[in-house]
Every structure is written in structure tokens, then in C-alpha cells.
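The values are calculated or read from the model by the stated rules, or taken from the named source; none is laboratory data. As the structure is a computational prediction, the values presented were derived from the model and not from experiment. Cβ atoms come from the backbone with ideal geometry, glycine included; neighbour counts cover every protein chain shown.
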Amino acid sequence: MTDSRRILVTGLSTYWGGRLAKALERFPEVEAIIGVDNEEPTVELERTEYVKVGAQHALLRRVVEAAEIDTVVDTRLVVDSATTTSAKAHENNVIGTMNILAACSGPSTPVRKIVFKSSTHYYGCEQDDPAFFDETMGRPHQPRTPIERDIVDAEASLDDFAEKNPELAVTILRFANVLGQDVRTSHVQLLSLPAVPMILGFDPRYQFVHEDDVVHALEHGVRNTLPGIYNVAADGVLALSEVAGLLGRPYAPIIPPWGTGIATGLLARLGLRIPPEMQNQLRFGRGVDNRRYKAAGFHYGYTSRETVNALGEHLRLHPLMRGSQPYRYEREVEEFLRWSPHVRSSRRGSDATGLSRDQLAELRRALSELTAEDSQATPAPAVVPPREPGPSRAPRERPAPEPRRPLQPGAPVDHYDDLESEEVISLLGSLEPDDLRVLRDYEREHAGRDSVLGAIDSVLARSGGASGVAPGRGP
Amino acid sequence: MREREPAVRAGAPLPALPPEQLREHLPGVETDRQLTDWGRSERIEGLLDQTLVEFFYRYWFRAEVQGIENVPSSGGALLVSNHAGALPPDAAMIAKAVREEHSHPRPVNITVEHFFKGYPGFSMLIPKIGCVAAHPANVHRLLFDEEQLVLVFPEGRKGTEKLYKDRYRLRRFGRGGFVEAAMRAKAPIVPICVVGAEESAPVFAQMNLMKRLTGLLYFPITPTFPHFGLLGMLGYLPAKFKIRFLEPIRFEEEGLHEDKGLVQTVAHEVRARIQEGLWDMLRRRKSVWFG
């Protein structure tokens, strides 16, 4: 079905990049998923490798070539000017896109496919727009807001790239306004207000797409070869008054039709930010023709109406539910979980072929010595899991650590006492409950660090006596 | 209704898909909704239809309809009519005629100027009562994909702006964009002659200064406007309405719309038929008020 095996996802720390990487991890035929961004990921990832890059993605080419990436998914486009400054957005949207394309070009490039997440802001919102934009239509007017200008510029560089590199499949997906319970956009914020603000005398037409459908649409673009431009928007175009009705909220025509710019400036001071690209949309609205992507085999899970209803249900329930702790990326933990031979193979990505750092190897040995002390068992040898037969290219070898000296049961474990408490905690996840108990006793007798003891207890509590420490990971 | 040159051209060429295939992927109808994807509200339209439009159609204008069978019962069709009056009553009357007299009543989509979308108030109301902006893409989607009836006034603003002294003399028929749309969608054109609208809302003068001050499309002087205020726009005189649907003109062949010469010829032909029909109806009319 797909020829995409080695995938690079840009914008891994954005909501979309993270969710897409997670979704792609489910497919066994995908060998490698590499996510790049300048910030740390915000979702738990099982086997996606995170590489930190600068905002301009200048060194991306080396990553692409070294990892023999065949598919690049670019999810990093900023389409909501409320999220960042326009200078940063420009840097990311225009310069970043140029550099990513540069990383994919060249005669020897391994890249065969590019999937680009764009926005229906490409079309703008004007008085003389058609009721449904289709992909063959250009923009009737020059872009008026910085974000729209960026999107048009970014797409222009993609067109240019597609023309010069006809052997690459370039897919551009233009997404309508996204709603969902996890994603934060200006529109979600607007619709979360006690009343839906509107421009007096206007009832714009709106089309939405559910956050899950966005991920599925990106996935569909990766798993199929679909060169060209596609609108992604759910079936059904709603009037904003209808949206307010579905959410069970009144609509408040508080923005005057004339002097809208001044009024939104005042509203911004009161804490209600209406970004410029949204002002035009609140006035004229927009509908797009979504049939082409459906014809390409994509199925939407939600209509626009169902998307709004889902958001409405979430907004009603949200104040009653206690939010769970947001995920925080910790590099050491992630690297340990990926690369340690002590992580049980059922929980490990199939392509983990070695260890990450010498230091980690050392820490691991120290702990295994410690646990062996009690159980009288030999330490688990540094296992290099059997190599996957699939990939033709040889994975880069990583040195497996050699035990420096034979284990002496009962001997004091000097390694362990040298460890910082954070280092110990970072390794707890790989241990069996029995080992943990041993470790806890040892720690209590020797250093007695509260942080370590607390961490061991919490890991034990989470595992609940089960055989493995299995924090709910993966889909 | 003409294709505007886009400011930003569309991007990479797309894989060609047969348009029939795309038709299968039209969004389904969600029965819980009160609005269509075009923003049309059955509720508001029905309310207006049973009150104001009903009153004008039956008792005020006493509309008389000929040749309603020329409107096809299924498939897309482009209704083309002459256009007159300060707040033109002809569109609502034609739509009402199809609803009342036809054996298979269908909603009529009335194309209007883009202006209405940008004017507060109108922008809210106009789509709800079944009007769509006169954009070629809109007309094509309605005619070809959704197979609906579309009513266009090729005279456009030139028709409603014209003064009483020029009544029943058709203005230029745009650039033939409507013919192109019908040919592209392979939908028949049904020419329509409306007599009575000119006398029901005569325009004596146009005030350009007021037009500019109010930002409206035009600012006419009629028997009741502006001295009776905005409601004066609805102060129609009780002229007798006669609506005649002419024989449809059909386009079966593929790609006719690319022949600009043919498009112009057909546009002239449609205009000539409507003009002839109008002269014929006026010749037989004994009284402006009683028909």
C-alpha cells in the first residue's frame, strides 16, 4: 500500500507533528520515524526519534541524507497568527519551508514524497469569493494579512519545487479551521466564550475539520501517493449562528461592521484576541470543495456539524473534569526507554539496535550489579536485540558495553553511590518490581535520598504488582 | 458573472478527475440542519413565502404564468429573465411561480450581486432566502453538481438602474457568462419574460450622491422611496404581473463553452427571444393594472 518506510516529520512539537508521529508508529512497515523541531515534543512517543533543529531547519539536509528519509511530512506551518509573532511566523513559514525543500532537493536525494500541511487561509475571505473554493482556483485578491501572505509564499515555493522535481510526489493539504478538544486555535478559543462574538449584520459561512480527521488526512497523504493539492474540510458548511446554536450559546453581535479594526483592537485590550485573518472570516466566511480528497480515497470521521457538536460536548464536560498532567519531554527518560537493553522488547520499538551513550551503559550496569547482588543471578548481559531482516541498509553499529569486571555478589556497589538521584530515577522504568524492591531497601540503608525512594514507590505503585512497568504508552 | 483573473494563480497542476466522479462525493444532506451548505434557510424562506411573497403574488400583482412546462422537472436548468424595479420583485415572483404552478415544484436559486455579501444586514438575510452570489463557480456547482434551478439576470445592475422611460428595453447581456455556465454544465437555458415589474416599481431618477453616502448599490427615486423610508422600497404599485417561460435552449455537446463566438451568438439569441416575447406581451396588454 505504501512505499513510505523512512519518514521525517517536521514540527514534531506542534500538536499535529506529535499526533501524526504517534499515528505512524502503529504501522509496522514504517521503519523509521524521525521528528525534528526546535522545541521538545509534547506527546509521548514510542519509537519516533526526536532531533532538535534550529527554527530555520538549516541542517536538515544532513539528517535527511544520513537517515535515508524517503518521505517528508511538513506539519510545521503556522496558520494562526495568535500563536506567535508575525516575524517568527514568517521565519518559520517562508524561510523554514524553503530550507526544508532545499534539504529534499538535489540529484542524490533519497526523498520521494513530500506531504505539506497548509491551510484554506490560502484562499482568503473576500466579498466576491465563490461559495466553495476548489483546488484549481487561485486567490481572487492579494493576501491582506501576514499569515495569508506567508501561506501563499510557502505554497508558491512548493509549486516551484514540484515543477523542478517532477519525480517527487508533492502533496499539499489545505485544512479548514480545526476544532477539537485538545487542539488550541483562535477559533476554539472564540467558540469557548460564553457567547459567540459576531460582526453585526453578518452571519459568515464556516467549514470545520475535526482534529482526528486532520491526523487521518495527513496519514492518508503519507500512505498513498497523491501528488497535487487537496482541500481537507468536513462535509457541511455552517452559518456561525448555527454553530452558536449547536454549542448552546447565544451569539453576540458585538463587533461593529464599520471600524472593525478599531473595535477588535479594543477587544484585544479586554482580553479577546481576534487575529486579522479571522476578522475577514467573521465577515465573509468561507466554504471549500472537499470532494477531491474524498475521491482520492479519504473518509471523514466527522461532518462540520458533528465536529462542532463534539467540541460542544467537550466544553460542557470540561469544567467538571480534572485535567490530567500534561506530558513533559525528558530526554534521558526517552533515550533510556528507546535504547536500553533492559527495556523489555515487547515495549520497545523494533528498530532499537543499540545503546545511546556510554554513560547510560555504565549506569545500567551499575544498577544490574545492584539487583544481582540480592537475587544471586548473573546480570542480564547487554543484549543487542536481533536485527530486523527488512532493511537493506546496515544500521549504524553502536558498541555494546563490555562488563568491566566480573560480578561479585555481595560486594559493595560503588557505582551506584556515585549516581545522581536524577540518574537513578531515569532508570527506574526498566526494572522489574522485585528489583525495585531490592533497590529501595539498598537505597534506604545507604544514601536514603527521599527523591529516589519516592520515585521507586511511585513506579511500584504504577506497576501495581504486574510483571512489567507499563505506563500507558502508545495508542 | 464573469471569471475574474485571480491575483494569486492556482498552484501545481492537478490530476484530472472526471467531473461525474466528483459529483458522487457531494456532501450528504443532514436532516437535522435548518440551513443548507449555501446558507439557505427553509424556515425563513417558508415564512417569507407564506406571508409577504404570497400576498404580492396572489393579491397585489395577481401574477399570471404561461409556459411553466418549459421549466424541466429534473436536472439543472438556467432560468434567464429580464430585470427591473428598484428592489426588483421579479425574482421572488419567478421563484414563487415555479413553486406554485409547476408539477414538480423546486427551489430556485437566485443569483445576486457580490455587493450583498459585503453589506451588513443583507449579508445575513440574502443567503437565507435562497440567493447566491453570481459567481461562475457557484452557478456551475448548482447547475452541474447539484442539478438545481438557477435564476440569472444577465442585465444585472444595468437593468435595475434603468429609468422608467427606458422600460422593457433590455440592456446589454453582460459578456455572455451565463451562456458559458449553462454550456459547461450542459444545462438548458429557459428564457423568461416578465411584464409588470417595470410599472410596479418605477425608478424616476438615480441619486449618485446618496448612493455614495449610504454605500448602497444605487439610490433610486421611486413613488415611495426615499420619502417613506426603507419600507418604501417595498411600496410596489399594483401592476398586473405576467410571467412567460419560453422554450428551453439545450446544449448537448461537450466543450461548447470554449467557443467564445458561439457563446456571444447564443447570448444575443437569448436576449432577442426575451425582447421579442416582451414586445409580444406588451402588444396584447390592454391595461397596466388589469392585464
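Scan the stretch A:135-145 residue by residue and report those that are of a type in the set (D, E, K, R) and at the interface with another protein chain (Cβ under 7 Å from one of its Cβ atoms).
Result: A:Glu135, A:Arg139.
Conditions tested, residue by residue: (1) among the small types (Gly, Ala, Ser); (2) on the phi < 0 side of the Ramachandran plot; (3) at pLDDT below 90.
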{"site": "B:Glu69", "(1), (2), (3)": "no, yes, no"}
{"site": "B:Arg106", "(1), (2), (3)": "no, yes, no"}
{"site": "B:Asn109", "(1), (2), (3)": "no, yes, no"}
{"site": "B:His114", "(1), (2), (3)": "no, yes, yes"}
{"site": "B:Ile126", "(1), (2), (3)": "no, yes, no"}
{"site": "B:Ala133", "(1), (2), (3)": "yes, yes, no"}
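Looking only at the stretch B:21-49, count how many residues are among the basic types (Lys, Arg) and at the interface with chain A (Cβ under 7 Å from one of its Cβ atoms).
Counting residues in the stretch B:21-49 that are among the basic types (Lys, Arg) and at the interface with chain A (Cβ under 7 Å from one of its Cβ atoms) gives 1.
Scan the stretch A:113-131 and report the pairs whose first residue is more than 12 Å from chain B (Cβ to nearest Cβ) and whose second residue is of a type in the set (Gly, Ala, Ser) and assigned to a strand (DSSP E or B), with Cβ atoms within less than 7 Å and a gap of 6+ or a chain change.
These pairs meet every condition: A:Lys113/A:Ala169.
Report every pair of residues separated by at least 6 positions or lying on different chains whose Cβ atoms are under 6 Å apart, first residue within the stretch A:37-66 and farther than 20 Å from A:Leu77 by Cβ and charged (D, E, K, R), second at pLDDT 85 or above and not in a helix (DSSP H, G or I).
Between residues of the stretch A:37-66 that are farther than 20 Å from A:Leu77 by Cβ and charged (D, E, K, R) and residues that are at pLDDT 85 or above and not in a helix (DSSP H, G or I), the close pairs are A:Glu46/A:Glu25; A:Arg47/A:Glu25; A:Glu49/A:Ile34.
Within the group A:Asn93, A:Asn38, which residue is touching a His at 6+ places or on another chain (Cβ under 9 Å) and either closer than 25 Å to A:Asp213 by Cβ or surrounded by fewer than 17 Cβ atoms within 10 Å (Cβ to Cβ) (or both)?
None of the others qualify; the one that does is A:Asn38.
So, in the stretch B:88-136, exactly how many residues are assigned to a helix (DSSP H, G or I), in contact with a strand residue (DSSP E or B) (Cβ under 8 Å, 6 or more places away or on another chain), more than 20 Å from B:Val179 (Cα to Cα) and in contact (Cβ under 8 Å) with a residue 60 or more places away in the chain?
5
Among the residues of the stretch B:203-224, are any of a type in the set (Gly, Ala, Ser), at negative phi and touching a Phe, Trp or Tyr at 6+ places or on another chain (Cβ under 9 Å)?
Checking the stretch B:203-224: not a single residue is of a type in the set (Gly, Ala, Ser), at negative phi and touching a Phe, Trp or Tyr at 6+ places or on another chain (Cβ under 9 Å).
Could you tell me whether the stretch B:3-14 includes any residue that is farther than 19 Å from B:Glu147 by Cα, more than 7 Å from chain A (Cβ to nearest Cβ), within 26 Å of the chain's Cα centre (by Cα) and modelled with pLDDT under 85?
Yes, the stretch B:3-14 contains at least one residue that is farther than 19 Å from B:Glu147 by Cα, more than 7 Å from chain A (Cβ to nearest Cβ), within 26 Å of the chain's Cα centre (by Cα) and modelled with pLDDT under 85.
Residues of the stretch B:37-79 being part of a loop (DSSP other than H, G, I, E, B) and out of contact with any helix residue (DSSP H, G or I) (no Cβ under 8 Å at 6 or more places or on another chain), which ones?
Scanning the stretch B:37-79 gives B:Asp37, B:Arg62, B:Gly67, B:Pro72, B:Ser73, B:Ser74, B:Gly75.
Can you name the residue in the stretch A:268-288 that is loosely packed, with under 15 Cβ neighbours inside 10 Å and in a helix (DSSP H, G or I) and, of all such residues, is nearest to the other protein chains (Cβ to nearest Cβ)?
By that ranking, first place goes to A:Ala268.
So if I check each of B:Gly255, B:Gly291, which one is on the phi > 0 side of the Ramachandran plot and touching a residue at least 40 places away in the same chain (Cβ under 8 Å)?
Selected residue: B:Gly291, the only one of B:Gly255, B:Gly291 that is on the phi > 0 side of the Ramachandran plot and touching a residue at least 40 places away in the same chain (Cβ under 8 Å).
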